[in-house]
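Only one structure is covered here, and it is reproduced in the block below.
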Amino acid sequence: MSLAPPLPEPLLFDYATGASSPAIGLLMAAHLSMSRESRALLATMEAVGGALLEDLDDEPLERISAADVLAIADRDEDDVSKMAELVLERSGPRASVPPTFVQDALPEPLRAAESELGGDRRWRWLGFGVAATKLAVSSEHERAHLLWAKGGTDIITHRHVGREVVLVLKGAFWDDGVRYGPGDVAVSEDGTIHNPHIDGDDDCVCLAVTEAPVHFTGLVGLALNRFCRF
């Protein structure tokens, strides 16, 4: 079994510097509530970034990059390890979407945003064991959806236009030989073509942020593209 890769550091760096979009920011907050390792790395980035700012004097802020922070972190490996340990010590056929199952899958940041996201969700059936509901944090340039997929489902092959970032909230799926479970983040870049498979018999709930609707491929996909815009 191939484990999911670590969270891409640019996503975490943007979150640490306040550069994340609202949708990605919500996804990152949810991920951080589920991942002790990412919380420790975020604390490291914030601490090293603060030290870097003190050394910059009048240098413009835009010169600070994720590479700068990580380079300093590499030099101060002992301090980083101690900080990570401290953070870890302190952290603690068409089917209806099961509302309790989905609600139980939501981490605290998503629960806290319920008043903004809307409690009365309307799920759109995308066919073949998959349903989606759009969140109010979506914007003109990014769409945020909760996705529910029945266990064992093969997601129809589709191509991404723009980037997609997916956080697994409950259950798991396989994509290109890699298994993504709760707390894992999968990133599909523009042009990616794939058909993930929901692992086992357990349903899967994800938070997905896309820059543009996906394009389903094949004859079935051509029909779906006319009626299902996700």
Check your understanding: Of the residues in the stretch 20-41, how many are out of contact with any strand residue (DSSP E or B) (no Cβ under 9 Å at 6 or more places or on another chain), open to solvent by 20 Å² or more (accessible area, probe 1.4 Å) and assigned to a helix (DSSP H, G or I)?
Key -> 6
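Quick check: anything in the stretch 159-180 closer than 25 Å to ASP201 by Cβ and modelled with pLDDT under 90? First the steps, then the outcome.
Initially, the stretch 159-180 is screened for residues closer than 25 Å to ASP201 by Cβ, giving 166-180.
Subset that is modelled with pLDDT under 90: none.
No, that holds for no residue.
I'd like to check something: does the stretch 12-19 contain any residue that is modelled with pLDDT under 85 and either part of a helix (DSSP H, G or I) or of a type in the set (Ser, Thr, Tyr) (or both)?
Of the residues in the stretch 12-19, the ones modelled with pLDDT under 85 are none.
Checked against the condition, which is being modelled with pLDDT under 85 and either part of a helix (DSSP H, G or I) or of a type in the set (Ser, Thr, Tyr) (or both), the stretch 12-19 yields no hits at all.
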Exercise for review: Report yes if LYS134 is out of contact with any helix residue (DSSP H, G or I) (no Cβ under 7 Å at 6 or more places or on another chain) and of a type in the set (Lys, Arg), otherwise no.
Suggested key: yes
Point to revise | Enumeration of residues in the stretch 146-192 that are farther than 22 Å from LEU26 by Cβ, of a type in the set (A, V, I, L, M, F, W, C) and not in a loop (DSSP other than H, G, I, E, B) | key: TRP174, VAL178
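For the stretch 134-187, give me each residue that is of a type in the set (S, T, N, Q) and either over 24 Å from ALA113 (Cα atoms) or open to solvent by less than 20 Å² (accessible area, probe 1.4 Å) (or both).
The initial filter retains those residues of the stretch 134-187 that are of a type in the set (S, T, N, Q), namely 138-139, 153, 157.
Scanning the stretch 134-187 gives THR153, THR157.
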Review point. Among the residues of the stretch 213-226, is any buried (at least 22 other Cβ atoms within 10 Å of the Cβ), modelled with pLDDT of 90 or more and either part of a loop (DSSP other than H, G, I, E, B) or in contact with a strand residue (DSSP E or B) (Cβ under 6 Å, 6 or more places away or on another chain) (or both)?
Key: no
Exercise for review: Keeping to the stretch 107-129, report how many residues are surrounded by 14 or more Cβ atoms within 10 Å (Cβ to Cβ), under 18 Å from the mean Cα position of the chain (by Cα) and at pLDDT 85 or above.
Suggested key: 3
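The values are calculated or read from the model by the stated rules, or taken from the named source; none is laboratory data. In this text, all values refer to a predicted model and were calculated from it rather than measured experimentally. Backbone-built Cβ (ideal geometry, glycine too); neighbour counts: all protein chains shown. These area figures cover heavy atoms from the full protein model, side chains too; ligands, DNA and RNA do not enter into them. Shrake-Rupley method; radii C 1.70, N 1.55, O 1.52, S 1.80 Å.
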